[in-house]
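Trainee: Just dropping this structure here.
The values are calculated or read from the model by the stated rules, or taken from the named source; none is laboratory data. Everything numeric here is computed off the predicted structure, so don't read it as measured data. A quick note on method: Cβ atoms are made from the backbone with ideal geometry, for glycine too, and the neighbour counts reach across all protein chains shown.
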Amino acid sequence: MIRYLMFLVIVLLPVEALAISAEDVMKKSQAAFLYQGKDFKARVIMKLISKGGAERIRELTMLRKNYGEPGGDQKFFMYFFQPADVKDMTFMVYKYPAKDDDRWLFVPAINMVRRIAAQDKASSFVGSDFTYEDVSGRDIHDDTHAIVKEEKLGGKDCYVIKSTPKAADVDYSYKLSWIDKTNFLPSKEEYYDRKGELYKIFSADEIKNIKGFPTVTKRAMKNLQSGHRTEVAYIKSDYNIGIEDSLFSERFLKQPPKKWVE
Amino acid sequence: MKKFSLVEFSVEHPKLVVILSVIVTLLFMTQFPKMKTDTNPKHMLPATSDVRVWNDEVDSTFGLYEDMIVVGIKNENGVVNTETLNKIKKITDDIVRIKGVASRDVNSFPTITNVTAEAGTLKVAPLMTNIPKIDTELKKFRKDLFDNPLFLNRIISKDGKTTAIYVPLEKGANGKEIADKIREILKNEKGDEKYYVAGDPVARDTFGAEMFKLMAVFAPIAGMVMLFVRYLMFKDLFLSVTLMMDAMMSIVWSMGLLIALGFPIHIMSSMAPVFLMAIATDSMHIFNEFYFCYKEKRNKKVAIIETMHAVGRPVRYTALATAAGFGVLLFMSIIPVKVFGGLVAFGTVALRILSFSFIPAMFMFVKESHLDRASQGEDITAGSGSKLLRTLAGAGTHKAGTTVVIGLILFVISIIGISKIVVNNNLVEWFKKSNEVRVADREINNALGGTSLGYVVAISESNNEYIKTPEAMRYIEGIQRHLEKLPMVGKTFSVADYVKRINRVLHDDDPKYDTVPDTKEAVGQYLFLFSMSAKPSDLDNVVDPSFKKANIWVQLKTWDAGAMKEVIKAADEYKKQNPLPLKLKPAGIAYFNLVWNHEVLWDMVKGFVLALVVVFVILVFNFRSFKWAVVSYVPLIFTVLLIYGVIGFSGKRFDMPISVLSCLSLGMAVDFAIHFVSRLKQRLGESKDSLTDALLWTAARPGKGIMRNAVLFAAAFSVMMLAPLTPYITVGAFIVSMMLLSAIMTIVYLPALIVLMRGWLFKGGPR
């Protein structure tokens, strides 16, 4: 009997040890996608494209610094170049998992810094098809995750993860993510609305190695229902550049240091 | 004499003719499964028409939806209480799940974007993220709701008792189906709240669905009533059925042809069967004469040929006049009007072919004993009907002067009535006052800004984001205030409202800052700030990405096509008083309704006038006399004028259904006159009667056919007055009064005119 059990354990053990849970995949993906390096800087160009083809441009410098482990606190500092009339506008976010973010905005026309409430994570980021959550990440524990299948996408082996929100705090009823098995970056995400219909598609369109970190440098989010889409390009990306903590303050919001924003 | 041989052929080979007719009918019937319907009034105008191209452009520029359903929720104790708010949240969640609903842009308490400042923090978020439960939360919610001028009259009524859920529909979604699903959701809710479902797609698609139902119910009922009345008139079921078949065949032929050609059945063409039934009654004259003839000749075949000889000419000319009257519609510019005209013209021709083949053939199958019995009553001296007609015509003939004077007085009164006619169209008023579609519309319009939506688009020519300038913003605000002075404008909103709101909120909610800021940068930054958290559609709906165009939403409290006309006028006024390099252009469903009503209506009116001319020309040819054409034209003109006069006095508005009906009056009223005058002239040629005697004979014999025709039709169509949709009631009332009036005109007024003008009409003096 004992022999038999031991045999069973030997047979099952390697499988157990090798299999990765859906939650672990998503954790690794989050670390690879949003927490790479100690800090990060990029010039971001967003094209907001309407169904009719009309474009609105957003151009900004984004600075990010991690505090603690992947999945932990982060601070963001953004400086806007475009549209022209918002030049010099700055935006700062303290991101905490499991708690509402703190956000501040500097409005140059009235020379005033205002705190901005961040109750709604599902709201659009600067009018794009990305939500604040898409930009800064969603808490892993807000969803239940399951590996639906494993398949090749664009020649890359991927896990396909289904993430279902525990609460109805977002617009979608579930999301499918294709996570690249080698670098754990998301290749594609499909969002299904409450009617169960596919309505939003994320795609990572270009991946570059920057200081050894695979980084998504071109991405797009397309809303199938409204026909609106947003294309994002990261130019001049860099990691571990030594951003000081003092940058993330109201003082620098009003007068952002040139060396960081240019 | 070619047609005549068709009659003889039919009489010689009745079986063949009947079998052929049935085969042709079956052939046309094979097309029926391919039937498509299209009840969208939008499709009255082609997709390439200016208004549709422009509206589509506006929709795509501003991310708007063609169609919007408005769900009203009313609680006499106010909607701001936890229980009602819970329901609003639940209903909104359920509506968002309906297929065909543009979920992302449903606006209601839980989804509409609010901009507030709390303890120095700016908040751009949906109005109701959590349902307020305790008193302090409810109090705060009430303040949020009433403090934001963007909400007042839009999602909350002034008295706080009514709220609305705005449900935009994806392109091609059926408004009635979605409205039904919403009603299904609402049915499950218990409590004091009342619910209303309104909006153009609801009215339009409900009307479309009802219309086909009604056509399926009322056309057969009208047919059955006609069958029954005919039976009473001729005491012979077989012949009554023959007449019925005559009409049915022509309907099958023309509808079959329409379907085979690939046209969908529109609102207008769905009325064609009724029109054809009306026109088919003209073969009544054949029957009428046949009975008289048979009684005299006692030989079926001879009687048939004699009958066709006697009525052949008037029947051919009435058919020609009717077909031409409708045929001119083919030259109009609106496709459904053309299709309708062509359809009825074809049906009329089909009817006449059948009158000269199928009907005579069918006569051959009637047992002579039946005919003997049935024709007993047909005696122009003894028959009670004929007697009455003689008396009527006698009044016209003997007191010609008085009759004509009375007529003239009526004529003047009618003209006064016509001058009072108001041209308008209102889709919602096509439903009865008590219909839930209309009740819902009325309730929501009483409480909130309105269910009808129009836009005024401000367009700048310059490329440098002119809309962001304070002057453009103030201009837009000025137009809004100016438009809001109109009584039927319930609510307007624009990009300027967002800018003002943010200015105030950024300055600690100080009412002093409820204004447009002084620099273009500030406007740009405010809007950017707003777009950082609002739904993308919030800004897209009111301004285009290049800031060259701004869209002002104008909610109207009525679906009157004229309301938008007033809005356009007011906007133009404002522009004149405040010159600025901004062009103003109207758009939206309210504007579309204005345009299509106008175009369809005037196309019909144009067609009607043209048809009048064509019919007159045919009359001239028919009688080979201008004078007789004028005289026989009088009953037609008079009937039309009298009816329009009554419409003018009754305050009923001249709308699309009435303009369509005008064409029918033309087809019918002129028929009677053609029959009367043709037969009178024949009688004068064939007998030695004096004019008075000939008139009395005509009134009694062919006149009986006219009266039968009129009564039959009035009886059948009075059924329609019981319909739940007002255009059908209008059709019913219109046809009934038209038939009776034109018959009376023909029998009383025509003899009077002929007697009075005999010196002018008859060369060489009257007899």
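Trainee: Return the only residue of B:183, B:154 being more than 14 Å from chain A (Cβ to nearest Cβ), assigned to a loop (DSSP other than H, G, I, E, B) and over 25 Å from residue A:198 (Cβ atoms).
Mentor: Criteria check complete, one pass: B:154.
Trainee: Only residues that are surrounded by fewer than 17 Cβ atoms within 10 Å (Cβ to Cβ) and facing another protein chain (nearest Cβ under 7 Å): list them for the stretch A:42-56, please.
Mentor: A:51, A:52, A:54, A:55
Trainee: Of all residues in the stretch B:56-109, how many are within 30 Å of residue B:548 (Cα to Cα) and among the basic types (Lys, Arg)?
Mentor: 1
Trainee: For the stretch B:80-137, what are the residues that are without any contact (Cβ under 8 Å) to a residue 12 or more places away in the chain, more than 8 Å from chain A (Cβ to nearest Cβ) and either under 36 Å from the mean Cα position of the chain (by Cα) or outside any helix (DSSP H, G or I) (or both)?
Mentor: B:119, B:130, B:134, listed by residue number.
Trainee: Could you pull out the residue among A:48, A:8 that is touching a strand residue (DSSP E or B) at 6+ places or on another chain (Cβ under 6 Å) and either in a helix (DSSP H, G or I) or modelled with pLDDT of 85 or more (or both)? Before you say what the answer is, go through the steps one by one.
Mentor: Numbers: A:8 fails: touching a strand residue (DSSP E or B) at 6+ places or on another chain (Cβ under 6 Å).
Every option except A:48 fails the conditions.
Trainee: Does the stretch B:544-551 include one or more residues that are hydrophobic (A, V, I, L, M, F, W, C), within 13 Å of chain A (Cβ to nearest Cβ) and under 30 Å from residue A:59 (Cβ atoms)? Don't jump to the end; show me each part of the working.
Mentor: Of the stretch B:544-551, the ones hydrophobic (A, V, I, L, M, F, W, C) are B:547, B:550.
Checking the rest, the ones that are also within 13 Å of chain A (Cβ to nearest Cβ) come to B:547.
From what is left, the residues that are under 30 Å from residue A:59 (Cβ atoms) are B:547.
Taking every residue of the stretch B:544-551 in turn, at least one turns out to be hydrophobic (A, V, I, L, M, F, W, C), within 13 Å of chain A (Cβ to nearest Cβ) and under 30 Å from residue A:59 (Cβ atoms).
Trainee: Okay, moving on. Condition (residue is under 30 Å from residue B:519 (Cβ atoms), under 15 Å from the mean Cα position of the chain (by Cα), buried (at least 20 other Cβ atoms within 10 Å of the Cβ) and of a type in the set (Gly, Ala, Ser)) applied to the stretch A:87-109: is it met by at least one residue?
Mentor: No.
Trainee: Does the stretch B:504-515 include one or more residues that are within 23 Å of residue A:91 (Cβ to Cβ), touching an Asp or Glu at 6+ places or on another chain (Cβ under 6 Å), within 9 Å of chain A (Cβ to nearest Cβ) and part of a helix (DSSP H, G or I)?
Mentor: no
Trainee: Let me ask another. Quick one: residue B:366 ticks every box in (1) in a helix (DSSP H, G or I); (2) over 30 Å from residue B:45 (Cα atoms) except a single one, so which number is it?
Mentor: Among (1) in a helix (DSSP H, G or I); (2) over 30 Å from residue B:45 (Cα atoms), the lone unmet condition for residue B:366 is (1).
Trainee: Given the conditions (1) under 37 Å from the mean Cα position of the chain (by Cα); (2) of a type in the set (Asp, Glu); (3) facing chain A (nearest Cβ under 7 Å), and given that residue B:560 satisfies all but one, which numbered condition is not satisfied?
Mentor: Residue B:560 satisfies all of (1) under 37 Å from the mean Cα position of the chain (by Cα); (2) of a type in the set (Asp, Glu); (3) facing chain A (nearest Cβ under 7 Å) except (3).
Condition check ((1) closer than 30 Å to residue B:594 by Cα; (2) more than 14 Å from chain A (Cβ to nearest Cβ)) across all residues:
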site	(1), (2)
B:7	no, yes
B:21	no, yes
B:61	yes, no
B:72	yes, yes
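Trainee: Please work out if residue B:715 is buried (at least 24 other Cβ atoms within 10 Å of the Cβ) and within 17 Å of residue B:233 (Cβ to Cβ).
Mentor: Working: buried (at least 24 other Cβ atoms within 10 Å of the Cβ): no; within 17 Å of residue B:233 (Cβ to Cβ): yes.
Criteria not met by residue B:715.
Trainee: Looking at A:76, A:80, can you tell me which residue is under 13 Å from the mean Cα position of the chain (by Cα) and at pLDDT 85 or above? Talk me through it step by step, then tell me what you get.
Mentor: Details: A:80 fails: under 13 Å from the mean Cα position of the chain (by Cα).
Within the list A:76, A:80, the selection yields A:76.
Trainee: Looking at this structure, is residue B:173 outside any helix (DSSP H, G or I) and either assigned by TED's automatic domain parsing to the domain that holds residue B:284 or small (Gly, Ala, Ser) (or both)?
Mentor: Spelling it out, residue B:173 is indeed outside any helix (DSSP H, G or I) and either assigned by TED's automatic domain parsing to the domain that holds residue B:284 or small (Gly, Ala, Ser) (or both).
Trainee: Give the residue that is nearest to residue A:214 (Cα to Cα), with candidates limited to residues of the stretch A:164-176 that are away from every other protein chain (no Cβ under 14 Å) and out of contact with any helix residue (DSSP H, G or I) (no Cβ under 7 Å at 6 or more places or on another chain).
Mentor: Among those that are away from every other protein chain (no Cβ under 14 Å) and out of contact with any helix residue (DSSP H, G or I) (no Cβ under 7 Å at 6 or more places or on another chain), it is A:176.
The rows are residues; the columns are (1) in a strand (DSSP E or B); (2) closer than 26 Å to residue A:187 by Cβ.
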site	(1), (2)
A:61	yes, no
A:69	no, yes
A:104	yes, no
A:109	no, no
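Trainee: Name the residue, out of A:132, A:159, A:94, that is under 23 Å from residue A:237 (Cα atoms), more than 11 Å from chain B (Cβ to nearest Cβ) and not hydrophobic (A, V, I, L, M, F, W, C).
Mentor: A:94
Trainee: Being within 10 Å of chain A (Cβ to nearest Cβ) and basic (Lys, Arg) is true for just one of B:569, B:520, B:500. Which residue is that?
Mentor: Working: B:569 fails: within 10 Å of chain A (Cβ to nearest Cβ); B:500 fails: within 10 Å of chain A (Cβ to nearest Cβ).
Matching residue, one of B:569, B:520, B:500: B:520.
Trainee: Which of (1) more than 32 Å from the chain's Cα centre (by Cα); (2) surrounded by fewer than 23 Cβ atoms within 10 Å (Cβ to Cβ); (3) not in a helix (DSSP H, G or I) is the odd one out, the single condition residue B:497 does not satisfy?
Mentor: The one condition residue B:497 does not meet is (3).
Trainee: Here are B:395, B:440: which of them is away from chain A (no Cβ under 14 Å), over 32 Å from the mean Cα position of the chain (by Cα) and not β-branched (Val, Ile, Thr)?
Mentor: B:395
Trainee: Next question. Considering only the stretch B:54-79, state which residues are aliphatic (A, V, I, L, M) and outside any helix (DSSP H, G or I).
Mentor: Passing the criteria: B:64, B:68, B:69, B:70, B:71, B:73, B:79.
Trainee: Another question about this same structure. Which ones in the stretch B:288-311 are among the charged types (D, E, K, R) and either surrounded by 23 or more Cβ atoms within 10 Å (Cβ to Cβ) or closer than 17 Å to residue B:703 by Cα (or both)? Full working, then the answer.
Mentor: Restricting attention to the stretch B:288-311, the residues satisfying the condition of being among the charged types (D, E, K, R) are B:289, B:295-298, B:300-301, B:306.
Within the stretch B:288-311, just B:289 meets the criteria.
Trainee: So if I check each of B:80, B:11, B:7, which one is crowded, with 16+ Cβ neighbours inside 10 Å, under 30 Å from residue B:143 (Cβ atoms) and out of contact with any strand residue (DSSP E or B) (no Cβ under 6 Å at 6 or more places or on another chain)?
Mentor: Exactly one residue qualifies, and that residue is B:80.
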